[in-house]
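Bear in mind these aren't lab numbers, they're just calculated from the coordinates by the rules spelled out. Because the structure is a prediction, the values reported are computed rather than measured. Note that each Cβ is placed from the backbone with ideal geometry, even for glycine, and that neighbours are counted across all protein chains shown.
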Amino acid sequence: MNDEGVTVALTGNLLLDSLSERLHTNILSVGKQVQLPLRTMLHEQGQMPQYAYFLTSGIASLVVTMPEGGTAEVALIGREGLVGVMHILGPTPLPAQCFVQLEAGAIRVRLEDLRTKFQESAELRKAVLEFVQQQTVTTGQIAACNKLHDAESRLARWLLMTRDRADGDTMHITQEFLADMLGTRRTTVTLVAGSLQRRGLIEYRRGKVRILSRETLEHAACDCYRVTKDALEKLYK
Ligand SMILES: [Zn+2]
């Protein structure tokens, strides 16, 4: 129920569900509910996408790939956000691709429709810009993290950020994928994941990671986890 006592059908997307009933309904009227299997490409690097996605479950990763072949994740978006949000703001495409990292559900909206609503509605502008601020904080922090922090604390930080958006403590993740996300070598991932496992923080076998001790994993993560978590928690109060 909202403040007027009217029942609003919540979607599960925190940004969308934070809006007034009128705006919520208005956006849903031009949206389509979709399922997004693992690895679905939501937007290509350097291209303007056709759609934006309010995720209702799952996780999407924003990943930069360099011309020489190295990759690193610069942001991840779950139910708190809107995939394609930066493309609403202006004409420059992101130098990052975005794909589904954990199978997701979403409300898909044509980017043009959403841009029109963004221009018309002060309420939507406020919600979108607050999310953009959180994304900017996260992206900047992860960029510095990828350069300055060691692989073990980065892996711990990444596992916690992913866990905060997933439904359980077990996640299906290959070492190759982890190496791409962290911008490091697969052999390095093997070493640091082994170290976290020996200390009883995670269990890692056959492409499955299970977090055994969240509290200790937080101690193993760099401070970037706290910075990005604080920014996340300031949304939708
Ligand atoms: Zn860090």
*Among the listed pairs LYS32/LYS208; LYS117/LYS234; LYS147/LYS237; LYS208/LYS229; LYS147/LYS208, give every one whose C-alpha distance is greater than 28 Å.*
LYS32/LYS208; LYS147/LYS237
*Amide H neighbours of GLU80 under 5 Å, counting only residues 5+ apart in sequence or on other chains, H built in-plane at 1.01 Å?*
LEU14
*Please name whichever of GLY200, ILE211, ALA106 sits farthest to the positive end of the charge dipole of the chain, dipole taken about the Cα centre and charges placed at Cβ: Lys and Arg +1, Asp and Glu -1.*
GLY200
*asked:* Through the Karplus equation 6.51 cos²θ - 1.76 cosθ + 1.60, θ set to phi - 60°, convert the phi angles of region 144-150 into ³J(HN,Hα) values in whole Hz; use x for Gly and Pro.
replied: 5, 4, 4, 8, 9, 9, 6
_Could you tell me the relative contact order of the chain? Use alpha-carbon pairs under 8 Å, at least six residues apart, and round to a whole percent._
21 percent
_For region 85-101, 3J(HN,Hα) per residue [Karplus equation, 6.51 cos²θ - 1.76 cosθ + 1.60, θ = phi - 60°, Hz, x = Gly/Pro]_ = 4, 5, 6, 6, 6, x, x, 8, x, 6, x, 9, 9, 10, 9, 7, 9
*asked:* Taking 0.36 nm per residue of sequence separation and subtracting the Cα-Cα distance, how much length would be gained by fully extending the chain between ARG22 and ARG210, in nm to one decimal?
replied: 63.6 nm
*DSSP loop (so not H, G, I, E, B), at most 16 other Cβ within 10 Å: list which trypsin sites (Lys or Arg not before Pro) in region 1-109 pass both filters.*
ARG39
*Would you pull out the residues with amide H under 5 Å of VAL74's amide H, same chain only if 5 or more places away, H placed 1.01 Å from N?*
LEU62, VAL63, VAL64
*Grab the other residues whose beta carbon is less than 10 angstrom from that of LEU14, score K and R as +1, D and E as -1, and report the net.*
-1
*Calculate one ³J(HN,Hα) per residue across region 26-32 by plugging θ = phi - 60° into the Karplus curve 6.51 cos²θ - 1.76 cosθ + 1.60, and present them in order as whole Hz with x for glycine and proline.*
4, 6, 4, 5, 10, x, 9
*Which of the GluC sites (Glu not before Pro) found in region 4-58 are loop residues per DSSP with 13 or fewer other Cβ atoms within 10 Å of their Cβ?*
GLU4
